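As structure tokens, the structure follows; a few thoughts come after it.
Coordinate-derived values only; no laboratory data. Just so we're clear, the structure is a prediction, and the values are computed from it rather than from any experiment. Methodologically, a virtual Cβ is constructed for each residue, glycine included, from the backbone with ideal geometry; neighbour enumeration extends over all protein chains shown.
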Amino acid sequence: MSAGSDRFLGLRVLLVPLSGAPRENPSDRRRLLLPSATLAGSGISFTLASREEALEIPADIVWSQDRDYAFWLAGAGRLSSRGARLVFSFSDALGYSAWSKAHQYDAWLGKAEAVPAGHWRGLAEFLDRCCAHAVAGSAAQADMLSRLAPSLPVSVLYDAVDTEVYPAPVASRAPRTDEDGLTLFWEGCSDNLPYLLVCAEAVRMLAARAPVRVILATTEERRNEFMGTRSNRRLAETILGDAVEFHPWSMETVGGLMARADAGLAPLFEDCPFAAAKPANKAVICNWMGLPVVASPTRAYRDYVEDGVNGFLASAPDEWERAFMRILDDPSGAAAMGARGRRKAGELFSPEAAGERMFEIIRRVARAA
């Protein structure tokens, strides 16, 4: 980064978290702060702000993860009158949870309803009227944004691994024995646990052949009812049975839970457009922690997971079980996959790598002003 000679030093950038309030949702706040912190010597001024503050505080660029389109449409005039340019970061929620199979499963049974066209028309209007640049969380999202707003510059910026929440893996872990069986790990937000339905049959097949444990880290309660319950613990036990070891997710404990696992899980519903556009974050985090990952073959996971190198791609239950058995039967090979994944995640998804990409986007927006 040749920041010292860049003529855009002194830019004022406001960072607006997903929640719209900087004191809420620490993981979304850190998603912005981690890469920007690596640019401390660039001369760019970064300030965390709520969306309301972003309409008042002087700035050259407002970089927002808050996706209340109506709010930004109403405030577009106030931003433009001050010369502030809006960069909109979409992460993994182009379609919103109202059309996610994992969030509203009952509405999908028998029909797999697509996102209503009116949603996309409103998004296209917003992109055209308000945004100077769009930041996608995956290549699939970038393609969708480019179709909605062909003249809008779009970049892909993957989330940086939170190196404080997910510390370096423990190198001195004792070798796994046959009696240990296989320990798998999955983490997710409150309404994403149903993705485990994708690999549940394979877990049951594996349990008939060897001891298996699935460590889960998520919230106790769901926002939306699924299969008659709002309890994620009860839902997990319904899906995976006795294999479940349930833990409430916390920034302080999730890394330690992952360190106990042999492999990570990254299942997604392949027929759901919301899931299909998700980035490869779960696979990246598992690799960062030195774990091979077994993932659904959505576009982002196909782009990131090299089958047999840093993990496996699996669709049908027998493919998931085959991947589990390869990890179970070859501990040294699984460890080598995890080590290769650790190097790949560090090269592509460290805070420094994300900071470099953020810097490039900011320079591009500033040049276009």
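Compactness of the stretch 299-369, taken as the C-alpha radius of gyration over 2.2 N^0.38 Å, stands at 1.57.
Based on the alpha-carbon gyration tensor of the stretch 191-311 and its eigenvalue square roots a ≥ b ≥ c, which shape applies: rounded if a/c is under 1.5, prolate if not and a/b is larger than b/c, or oblate? It is rounded, given that a/c, with a ≥ b ≥ c, falls under 1.5. Projecting the Cα positions of 144, 361, 193 onto the charge dipole of the chain (unit charges on Cβ atoms of Lys, Arg, Asp and Glu, taken about the Cα centre) puts 361 furthest along the positive direction. Among residues other than residue 54 with Cβ under 13 Å from its Cβ, the summed charge is -1 (Lys and Arg +1, Asp and Glu -1).
Between the residues 83, 246, 283, the greatest Cα displacement towards the positive end of the dipole of the chain, with unit charges on the Cβ of Lys, Arg, Asp and Glu, is found for 83. Using the rule -39500 (n - 2.57) for each DSSP H run of four or more residues, divided by the residues of the chain, the 222 nm mean residue ellipticity is -12000 deg cm²/dmol. Summarising the amide proton neighbourhood of residue 214: residues at separation of 5 or more, or on other chains, whose placed amide H is nearer than 5 Å comprise 184, 244, 245. Taken about its Cα centre, the stretch 211-353 carries a charge dipole of about 300 debye when Lys and Arg each add +1 at the Cβ and Asp and Glu each add -1 at the Cβ. Assuming 0.692 mPa s and 37 °C, estimate D for the stretch 179-245 with Stokes-Einstein, Rh taken as the Kirkwood radius over Cα pairs, in µm²/s. Rounded to a whole number, D works out at 271 µm²/s.
Taking a straight Cα-Cα cut-off under 15 Å and skipping sequence neighbours fewer than 8 places away in the same chain, the aspartates and glutamates within cross-link reach of residue 101 are 92, 113, 191, 225, 270, 271.
A viscosity of 1.002 mPa s and a temperature of 20 °C, combined with the Kirkwood radius over Cα pairs in Stokes-Einstein, give a translational diffusion coefficient for the chain of 100 µm²/s. Sorted into 10 angstrom bins from 0, the C-alpha pair distances of the stretch 236-369 split as 12, 35, 36, 12, 5, 1 percent.
The dipole here belongs to the chain: it is taken about the Cα centre, uses +1 on the Cβ of Lys and Arg and -1 on the Cβ of Asp and Glu, and is about 980 debye.
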